[in-house]
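Novice: Provided herewith is a single structure, encoded as structure tokens, for subsequent inquiry.
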Amino acid sequence: MNTARKLYRKEETTSQALTVVNAEVSFDEDARLNEIYEALGWGDLPYRLKFAIASDIVGYYDELMGLYSTCDPGVIARRKRVAYWVENYRNHVASLETTLEALRITQ
């Protein structure tokens, strides 16, 4: 009976350790995204909008830093759309809901 309890406690410890590692990864990713938004001058965007364009922003920033280049017309069009709608939101031309709806990706 003691062996079963020890094994169970070991599994709990492993699970707790994974939770801590996942939290650290999320924190690091969030910190990197915040740095990117600040560098682009978009640090004041609401969290919902930042979350909606996060994958676009990471790719855009990596390309600006010279890590790679894309000529894909779909990627270029998406980046233009993101920049257009974010600027419309920041200039109070479009509401947050309209901007989120325009930038929503449908499958």
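Just so you know, all these numbers are worked out from the coordinates, no wet-lab data involved. Note that the coordinates shown come from a computational prediction; the quantities given were computed from them, not determined experimentally. Because the Cβ atoms are built from the backbone with ideal geometry, glycine has one as well, and the counts that use them run over all protein chains shown.
Novice: Need the full-extension length gain, residue 48 to residue 90, defined as separation in residues times 0.36 nm minus the C-alpha distance. One decimal, nm.
Specialist: 13.7 nm
Novice: Let me ask you something else. Tell me, what is the FRET efficiency for residue 77 and residue 32 to the nearest 0.05, using R0 = 22 angstrom and their Cβ-Cβ distance as r?
Specialist: Efficiency at R0 = 22 Å is approximately 0.30.
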